[in-house]
Amino acid sequence: MQTRKIIVIGGGAAGFFAAIAAAEINPHVQVTLLEASRKPLAKVLISGGGRCNVTHACFEPALLALNYPRGGKALRGAFTRFQAKDTIAWFKQRGVKLKTEADGRMFPVTDNSQTIADCLMETARVAGVDVRIGTPVVQVKPTDSNFAVILKSAEVLECDRLLLATGSNPIGYKIAQDLGHLLQPPVPSLFTFNIPEPKLRKLAGVSLNSAHLRLSVSGITPLEQIGPLLITHWGVSGPAVLKLSAWGARILHDSNYQATLTINWLPEFNQEQLRQQLLTVKNTSGKRAIALHRGVNLPHRLWQYILERAAIDTDTRWAEVSKSTLNKLITELSQGEYLIHGKGVFKDEFVTCGGVSLKQINFKTMESRVIPRVHFAGEILDIDGITGGFNFQSAWTTGYLAGLAMGDIA
Ligand SMILES: Cc1cc2nc3c(=O)[nH]c(=O)nc-3n(C[C@H](O)[C@H](O)[C@H](O)COP(=O)(O)OP(=O)(O)OC[C@H]3O[C@@H](n4cnc5c(N)ncnc54)[C@H](O)[C@@H]3O)c2cc1C
């Protein structure tokens, strides 16, 4: 019997997971993984600030799927077949223990992404995957019964089944399009917001455990998030901002990253509670200077800045605060408006929104509905998650399912 040949294009998280799954489920298939660069798993190595946030401690498929601005619906079923719990077990079986941090992110106990890359490389070797580095693919041509994979070197390889796991690489997108697939235009996700307000930027380093953010782009229903916020030298960052950037990735791109961010610095209060809180301070500490006696739990520098925005003189005593001044202060504390002009970089993680249209993929097998025996996995698809290990989880899940389906061709 002739040996079936599988080619995986792309040596990232998704490509390795798929190649290993195919080789492990069926030792009779020949799996070749083609990686353009000399350094496979490059993103795994730089991920999570060098620690690799492998997955997230969320073990309910339906809940896990809620963390994907694009692709959540399609992933829901896929997660019933391979989810975060399976990722943990997969790595454990191969000698890598993961730990959970307070916010649910999971990392190798070594806190070193090299552990993950080494595990994938070694598992691929043991499973008999032929990993070819420095091997860019430039084109794929379907033939009568198989595929011709054309390398930059002009060498042509043949296979029965093909996986495209080229991440956000434009050549990968082009190969997918040439094979008849639709592409949702790729745009960045997971970024920080630039706010050109020098006085805010001077507060760089100030962080809050919880702020409520509302992102408004004209003509579109505002997006909201609540969570930790960090003021930076360029504007704002932190989990709440990164999540908003993910959910708003496309509208922000379309608005050229011009939007309004409304910040409620004290989400624990509604407006009336906040008013009562401030009135109590006014009544009980009337003689004290407003700048020094805050009355609400905000970092001192931030409080001073908010007073300035509300045009309140720092020498003002609480007793001197008029009704209209109090209203201005409440507005600044609970719905201060900041103009976003451009986006910044979040170094720990970023990802592409857009990619191969999910309508054309069968999520049980990750096989194309357009061209049989071509599979897709990872970031090349129109899937992206918020920050926290969700992007790798979708790469592991889609890679694993694609690998199983490709290997299962006795
Ligand atoms: C700085 C940074 C940090 C991140 N940290 C995290 C994190 O901690 N947790 C998390 O969940 N996500 C993180 N992400 C996102 C995560 O890295 C991606 O979602 C994930 O790597 C996608 O995996 P992939 O295999 O689909 O694509 P990739 O990892 O991009 O792999 C694709 C591979 O295909 C190769 N390739 C492309 N075109 C060709 C071609 N024509 N021929 C041959 N090979 C080709 C590329 O060289 C590459 O090696 C981070 C991303 C970045 C940029």
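Odds and ends about this structure:
- Of the residues making up region 107-138, those that are within 22 Å of Leu151 (Cβ to Cβ) and either within 15 Å of the ligand (Cβ to nearest atom) or touching a Gly at 6+ places or on another chain (Cβ under 7 Å) (or both) number 12.
- If you filter region 260-290 down to residues that are under 21 Å from Ala211 (Cα atoms) and touching a Phe, Trp or Tyr at 6+ places or on another chain (Cβ under 8 Å), you find that the one that is surrounded by the most Cβ atoms within 10 Å (Cβ to Cβ) is Ile263.
- Residues being over 16 Å from Gly378 (Cα atoms), among the hydroxyl-bearing types (Ser, Thr, Tyr) and within 16 Å of the ligand (Cβ to nearest atom) - total across region 161-208: 1
- Residue pairs meeting the criteria (Cβ under 6 Å; at least 6 apart or on separate chains; first farther than 15 Å from Leu164 by Cα and aliphatic (A, V, I, L, M), in region 127-150; second in a loop (DSSP other than H, G, I, E, B) and away from the ligand (no atom under 16 Å from the Cβ)): none
- Strands (runs of 3 or more DSSP E) within region 155-217 that include 1 or more residues closer than 25 Å to Ala42 by Cα and in contact with a Phe, Trp or Tyr (Cβ under 6 Å, 6 or more places away or on another chain): 161-164, 183-189, 191-194
- Lys364 falls short on exactly one of the conditions (1) over 30 Å from Gly77 (Cβ atoms); (2) surrounded by fewer than 19 Cβ atoms within 10 Å (Cβ to Cβ), and that condition is (1).
- Filter pass, Gly71 being more than 11 Å from the ligand (Cβ to nearest atom) and surrounded by 19 or more Cβ atoms within 10 Å (Cβ to Cβ): yes
- Contacts under 6 angstrom Cβ, first residue in region 3-32 being more than 16 Å from the ligand (Cβ to nearest atom), partner among the polar types (S, T, N, Q) and modelled with pLDDT under 95, 6 or more apart: Gln30/Thr3
- Against the conditions (1) of a type in the set (Asp, Glu); (2) more than 30 Å from Pro27 (Cβ to Cβ); (3) in contact (Cβ under 8 Å) with a residue 12 or more places away in the chain, Glu379 satisfies every one except (2).
- Filter result for the condition that a residue is more than 30 Å from Ala259 (Cα to Cα), without any contact (Cβ under 8 Å) to a residue 12 or more places away in the chain and polar (S, T, N, Q), over Asn327, Asn362: Asn362
- Search result, residues across region 11-52 that are touching a Leu at 6+ places or on another chain (Cβ under 7 Å) and assigned to a loop (DSSP other than H, G, I, E, B): Gly11, Gly12, Leu41
- If you go through region 187-201 and keep only what is touching a residue at least 40 places away in the same chain (Cβ under 8 Å) and either more than 18 Å from the chain's Cα centre (by Cα) or surrounded by 19 or more Cβ atoms within 10 Å (Cβ to Cβ) (or both), you end up with Pro188, Ser189, Leu190, Phe191, Thr192, Phe193, Asn194, Ile195, Pro196, Glu197, Lys199, Leu200.
The values are calculated or read from the model by the stated rules, or taken from the named source; none is laboratory data. From a predicted model like this one, the values you see are computed outputs, not experimental measurements. Using ideal geometry, Cβ is built from the backbone for each residue, glycine included, and neighbour counts are taken over all protein chains shown.
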